[in-house]
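The values are calculated or read from the model by the stated rules, or taken from the named source; none is laboratory data. This structure is a prediction, so every number in the text was calculated from the model and none was measured. Note that each Cβ is placed from the backbone with ideal geometry, even for glycine, and that neighbours are counted across all protein chains shown. The accessibility values were calculated without ligands, DNA or RNA, using every heavy atom of the protein model including side chains. Shrake-Rupley method; radii C 1.70, N 1.55, O 1.52, S 1.80 Å.
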Amino acid sequence: MKKFFINLFLLMNVIYMNAQTGITGKVEDGENNPIPFVNVLLLKSADSSLVKGALTDENGLYVFKEVPAANYLVTASMLGYIQEYSSSFAIKGGNGSPVEIPALVLFEDVEQLDQVKIVTTRPFIEREVDRTIVNVANSIVSGGSTALEVLERAPGVIVDRQNDNISLLGKEGVIVQIDGKRTYLDMTDVVAMLRSTSSENIDKIELITNPSSRYDAEGNAGIINIVMKENTSIGTNGNISIAGGSGRFTRERGSINLNHRSKRFNLYGNYSINRAGQYYDFDLYRNQTDGDQRNIIEQEMFMRIRNHGQNAKAGIDYFISESTSIGLGWTGFWNDSQTRTPEARSVFRRQQTGPAYLETLSTIKMSNISSNQVGNLSLQHDFKEKGGKLSADFILGRFTRENDNELLTATIIPEDASNIPDGLVTQMPTNIDILTFKIDYSKTLWEGWKFDIGVKSSTVESDNNLTLESGPVGDLEPDPELSNHFRYTEQVQAAYFNVGGSLFENTELQLGLRAEQTNSLGHSLTLNQEVEREYLDFFPSFFISNQFSEKHQLNFSYSYRIDRPNYQNLNPARWYLDPFSIQRGNPFLNPQYTHALELQYGINSKIFISFGSSFIEDYVLHIIQPIDSRNAERVPQNIGTSQSYNLNLSFPVNISKAWKIQANLLGLYSTFSYQFQGTPLEAEQISGRLNLSNSILLGKGWRGEISGWVNTPAVEAMFETRWRGSLDVGIQKSFGEKWKVKLSGQDLLHTNGLVIFGEAADFVQNYSLDFDSRVAMLSITYSFGNQKMEVSPQRETGSEEEIQRTN
């Protein structure tokens with residue numbers, strides 16, 4: 001296969017380009033004066049994907065050279081002006097004279113409302129052809145929040161704080177990326193990282209539900225890409241932000257962003273620190289068999305949590321020439337989370353209202369200290385005269401975590417306490433090493449058709465050594481039966497190709513195929529057990545778009561995806577949550593596969609209606625099941641199949657020039673066919689989610705924001721969740737262009753608690769979780785440097801191009 005792609009790569013370099021021409025145009029103000037240094041982008045009209053970028057010269061002129069035949073539009077933007085789009089136009093091919101676009105006229109982005117200057121901003125939520133964008137940087141209520149709290153407000157995203165999981169459109173298996181690069185971490189570690197990341201360093205969050213074959217096939221629910229802030233203005237710029245507030249417990253955050261850009265160099269860096277208090281108020285009810293009797297178990301605990309997180313980013317881009325650039329970047333995350341549970345009570349009864357025959361009190365101390373550092377070297381070259389583009393990325397990552405748990409239990413009502421250890425002390429150090437290399441090449445063939453090929457190699461090695469001591473307090477001894485040293489290695493070699501272009505007038509087609517060879521080895525040194533897997537999978541993708549009028553567009557997409565088990569889900573080691581509840585992995589867990597389809601209709605690039613469906617095989621779910629008459633475990637299993645259908649409507653509502661609303665409605669219908677401890681079961685559900693975001697310009701530098709979301713009850717196999725929602729408000733005052741002050745209130749009605757009912761066969765487990773979500777925050781930001789200087793084209797590394805390209 002590698003030889004095949006090498007031959008294709010060489011073939012593309014010698015294909016004669018005869019279907020390209022140039023595009024020229026001019027940008028003027030309202031008085032027909034040329035505007036220099038305007039950022040001009042050439043986009044595909046079918047899906048608004050970026051083709052090329054340019055700056056206007058001193059006479060307001062711009063030019064795009066060697067543009068292949070297709071349907072395009074041009075957009076011009078500059079700070080302080082309203083973005084302008086050209087009408088869609090076609091390049092027919094040939095080597096004739098350049099196509100001249102009518103002048104684009106930019107008007108100042110200022111309106112007089114009661115003699116007060118008002119400047120418009122991006123809405124909190126935007127919908128594009130292939131993705132949903134959450135504009136974090138422009139949100140008032142996001143000021144002083146964490147990345148996890150902002151993500152929870154995104155349409156279709158559900159955060160399970162009890163199990164540290166994230167789902168998208170009702171499906172687990174989402175891949176979280178930072179600046180277009182995978183984290184390769186277990187979802188629990190990803191959630192911990194997002195919980196310690198300040199929103200002040202985040203520009204936007206992209207939700208991509210049906211990626212093309214250029215993306216990794218991993219992630220049956222799609223991709224969540226978190227884009228960190230990076231200033232693109234020429235010169236030296238930056239900002240400093242501090243925030244503080246409180247719910248039941250206080251939180252403090254601070255950040256600094258720096259950027260210096262010239263025509264040859266771009267230096268950037270940022271740092272943020274986050275300290276926050278939190279609590280989890282947890283109640284559990286479990287009903288399970290005990291021979292001919294029943295065991296009714298009730299547990300309650302109050303966990304006090306203190307998080308201390310830091311994250312930093314630094315790098316340099318060097319523009320060797322107009323065609324070649326090289327970049328070197330580093331990102332680091334550090335998190336220190338300490339949890340204290342002074343009293344966790346467990347009560348056992350034979351009948352619902354009967355007397356307790358066993359009661360215990362436990363104290364729990366948990367410590368989770370982690371570090372995640374990633375380095376990236378990127379290269380990009382544009383073969384302008386030959387029409388090809390080459391990008392390469394080399395990524396090296398290191399993740400470490402020290403997870404300790406001390407569980408001390410006293411028996412209050414002893415009937416049979418022989419199997420209840422007085423003390424359980426667990427230590428679990430984890431190391432993960434990540435090595436990734438990828439190279440992508442694209443070239444225009446003929447009449448607007450483009451060919452993309454690429455290869456990628458990734459290696460992930462993890463080492464997890466869990467040691468457990470048990471026994472009477474003060475006399476703990478190592479427990480070899482419950483300890484486990486687990487190593488996991490996974491190598492994925494991938495290659496892909498995409499072919500896309502104009503099938504008919506105003507119709508764009510893209511076909512792709514990705515091949516991934518997976519080799520994995522899970523080795524329990526303690527149990528002397530190995531599970532080795534080797535498999536080759538092919539992942540096709542298909543996209544077609546029709547612009548049947550200037551304001552109406554129809555898109556259809558299909559992709560086949562995989563969700564591989566991560567190292568923690570394969571680790572058979574047991575982790576005690578309390579004396580009667582454990583969590584472990586499953587070394588025999590198989591990947592799950594998903595067929596995903598989506599039909600989308602767009603009106604004027606503002607109103608989007610989409611219908612999607614997915615069909616999952618070997619569906620993976622973390623089930624909760626009894627392991628004896630008293631104890632239960634949470635373990636991932638391939639339980640069966642699932643089908644899901646979603647209907648999504650996104651539209652803006654302009655109440656006035658100063659008051660704008662963005663609405664997103666999501667409806668879900670799902671079916672599950674699964675087995676629970678050998679019993680075949682069926683389940684189906686209908687659920688929905690509503691997101692609303694109000695942006696209100698109040699005048700004299702004041703701006704208000706009211707946003708909220710609500711989830712209806714939903715079912716996932718054996719689990720049912722109840723109503724959830726959040727109402728957030730905020731107000732901002734701008735003092736010139738340098739100072740901004742934000743005051744926000746989050747979850748004002750305190751309705752973001754989690755209530756889950758679980759029932760399957762003869763086993764019932766229900767629980768509720770309340771946490772410190774009702775918070776008031778004050779944020780102050782100072783920006784320095786010339787914020788109105790000319791804008792240079794944004795840096796494009798191989799990984800960022802993968803994210804920026806639309807399907």
| Cα to Cα, under 15 Å, and not fewer than 8 places away if on the same chain: which aspartates and glutamates meet these conditions relative to LYS204? | GLU126, GLU128, GLU149, GLU152, ASP179, GLU230, GLU800
| field | Most positive-pole-ward Cα, LEU692, GLN677, VAL620, against dipole of the range 602-713 from beta carbon charges | value | LEU692
| field | Nearest-10 value in Å² for the accessible area of LYS52, using the 1.4 Å probe | value | 60
| request: At 0.36 nm per residue, minus the direct Cα-Cα distance, what do PHE588 and ASN528 gain on full extension? Give it in nm, one decimal, please. | output: 20.1 nm
| field | Counted charge near SER371, where neighbours are those whose Cβ lies closer than 9 Å (Asp, Glu -1; Lys, Arg +1) | value | +2
| Fraction of accessible area attributable to carbon and sulfur, the chain (%, probe 1.4 Å) | 56
| query | If you place +1 on the Cβ of every Lys and Arg and -1 on the Cβ of every Asp and Glu, how big does the dipole about the Cα centre of the chain come out, in debye to the nearest 20? | reply | 2220
| What accessible area per residue, rounded to a whole number of Å², is obtained for the range 486-604 using a probe radius of 1.4 Å? | 42
| task | Please work out the FRET efficiency for the pair GLU759 and LEU503, using the Cβ-Cβ distance as r and a Förster radius of 41 Å; give the result to the nearest 0.05. | result | 0.20
| request: Please find the FRET efficiency linking ALA314 to LEU396, where r is the Cβ-Cβ separation and R0 is fixed at 25 Å, and quote it to the nearest 0.05. | output: 0.95
| Segment SER613-ARG340, extension gain: residue separation times 0.36 nm, minus the distance between their alpha carbons | 94.0 nm
| field | Degrees, to the nearest 10: 2-14 long Cα axis against longest axis of the chain | value | 20
| field | the range 387-482: GluC sites (Glu not before Pro) in DSSP loop, at most 11 other beta carbons within 10 Å | value | GLU415, GLU481
| Of LYS65/LYS229; LYS44/LYS181; LYS65/LYS551; LYS52/LYS389, those spanning more than 19 Å from alpha-carbon to alpha-carbon | LYS65/LYS229; LYS44/LYS181; LYS65/LYS551
| request: Return, ordered by residue number, the residues of the range 504-543 whose backbone nitrogen is under 18 Å from a label point located 7 Å along Cα→Cβ of HIS552. | output: 505-508
| request: Can you figure out the FRET efficiency of PHE735 with PHE265, using R₀ = 30 Å and their beta-carbon distance, to the nearest 0.05? | output: 0.40
| query | Once the mean 1/r over all distinct Cα pairs of the range 538-633 is inverted, what Kirkwood radius in angstroms do you read off? | reply | 17.0
